[in-house]
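One structure is given here, and the rest of the page talks about it.
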Amino acid sequence: ALSDAEQALAEAEAAGRRRQEEACARAAELIAGARVREERIARETERVLREHGERWDDVRAQMDHVRASLTTLTGQAVAE
């Protein structure tokens, strides 16, 4: 009976270690996946911000051109 209990304890401890190892491996996979996603999102965010900055520059240049044209046509400076 004692040896059966010791055997059961050893099996339970081994199963516990396996589950812990599996949990650690799964956690490492999740963290690695999250890091990949984080990097992808950061790159996408940088791209969008860069595009918006370029569009803003284009809009400002167009507005400057329109103001200059209005000033030329009216002879008066246009308020911003």
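Nothing in this text is a laboratory measurement; each read-out follows from the coordinates by a stated rule. Here the structure is a predicted model, which means the values were calculated and not measured. For neighbour counting, all protein chains shown are included, and Cβ atoms are generated from backbone atoms with ideal geometry for every residue, glycine included.
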The one condition His52 fails out of (1) touching a helix residue (DSSP H, G or I) at 6+ places or on another chain (Cβ under 9 Å); (2) part of a helix (DSSP H, G or I) is (1)
A careful count of residues in the range 1-23 that are surrounded by fewer than 10 Cβ atoms within 10 Å (Cβ to Cβ) and of a type outside the set (Gly, Ala, Ser) gives 2
Subset of the range 62-80, residues of a type outside the set (S, T, N, Q), surrounded by 10 or more Cβ atoms within 10 Å (Cβ to Cβ) and either at positive phi or not in a loop (DSSP other than H, G, I, E, B) (or both), comes to Met63, Asp64, His65, Val66, Arg67, Ala68, Leu70
Expected single match for more than 40 Å from the chain's Cα centre (by Cα) and of a type outside the set (S, T, N, Q) among Leu9, Leu49, Leu30 is Leu9
